[in-house]
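To start, the structure itself, in structure tokens.
The values are calculated or read from the model by the stated rules, or taken from the named source; none is laboratory data. Note that the structure is a prediction, hence the values are computed from the model and not measured. Glycine gets a Cβ as well: all are built from the backbone with ideal geometry, and neighbour counts include every protein chain shown. Areas reflect the complete protein model, heavy atoms only, side chains present, ligands, DNA and RNA absent. Shrake-Rupley method; radii C 1.70, N 1.55, O 1.52, S 1.80 Å.
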Amino acid sequence: MNSLVYSFEYSNEYEPPAPILEIGISLPRQDQPNLFINGLIDSGSDGTMVPITFLESIGAKPVGRGRIRGILGNSQSANIYLVKLYLKHQQIHAIRVIGVGDNDECLIGRNVLRHLVITLNGLAGITEISS
């Protein structure tokens with residue numbers, strides 16, 4: 001069986017350049033994404049974080065509350081949302097994401113990364129996802 005490989009260039013908006021993925025997002029029962037956003041791949045993050053404005057724009061409603069802790073150890077309460085994520089070759093149904101402030105960026109955490117075969121090729125500045 002042949003596998004497909006999808007490549008994404010690292011973003012030069014970070015120093016050093018960082019691995020990002022374009023993901024589609026919708027409510028769990030929809031058949032296509034409502035919007036596409038870039039997410040920073042963060043293998044150190046347990047969960048995926050999406051700015052609340054994006055979640056509200058697709059009509060997502062909180063399904064619970066959780067606590068998030070930043071790299072400096074600060075802990076805060078946050079809403080949890082249930083969404084569907086779309087990548088080039090697959091959909092991840094009913095995944096929980098944390099709503100973060102409008103000035104925060106989308107982080108793709110291990111709850112999503114565990115569904116992927118992903119290679120970070122820093123020398124080439126390319127992220128590869130295999131199906």
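Would you please state which residues of region 16-30 a label at H93 would reach in this model, taking the label point 7 Å out along Cα→Cβ and a backbone N cut-off of under 16 Å? Correct set: 26-30.
Over the chain, with a Gaussian network built from C-alpha contacts below 10 Å, which listed residue (Q91, Q76, Q30) shows the highest mean-square fluctuation? Highest fluctuation among the options: Q76.
For region 72-131, what's the relative contact order in percent, using C-alpha pairs closer than 8 Å and at least 6 residues apart?
Numbers: 55 pairs, mean separation 13.4, N = 60.
Here the relative contact order equals 22 percent.
Expressed as a whole percent, the accessible surface of the chain that belongs to carbon and sulfur atoms is 48, based on a 1.4 Å probe. Over the chain, Cα pairs under 8 Å with separation of 6+ residues give a relative contact order of 32 percent. Rolling a 1.4 Å probe over the protein heavy atoms gives the chain an accessible area of 61 Å² per residue. A convex hull fitted to the Cα coordinates of the chain yields 113 cubic angstrom per residue. Residues considered: G44, G24, G73. Largest GNM mean-square fluctuation over the chain, using C-alpha springs under 10 Å, is found at G73. Comparing G66, G99, G39 in a Gaussian network model of the chain, where Cα atoms under 10 Å apart are tied by springs, the biggest mean-square fluctuation is seen for G66. Placing +1 on the Cβ of every Lys and Arg and -1 on the Cβ of every Asp and Glu, with nothing else charged, gives the chain a dipole about its Cα centre of roughly 700 debye.
Simple spin-label estimate for A124 and Y6 gives 1.7 nm between the two label positions (7 Å along the Cα-to-Cβ direction from each Cα).
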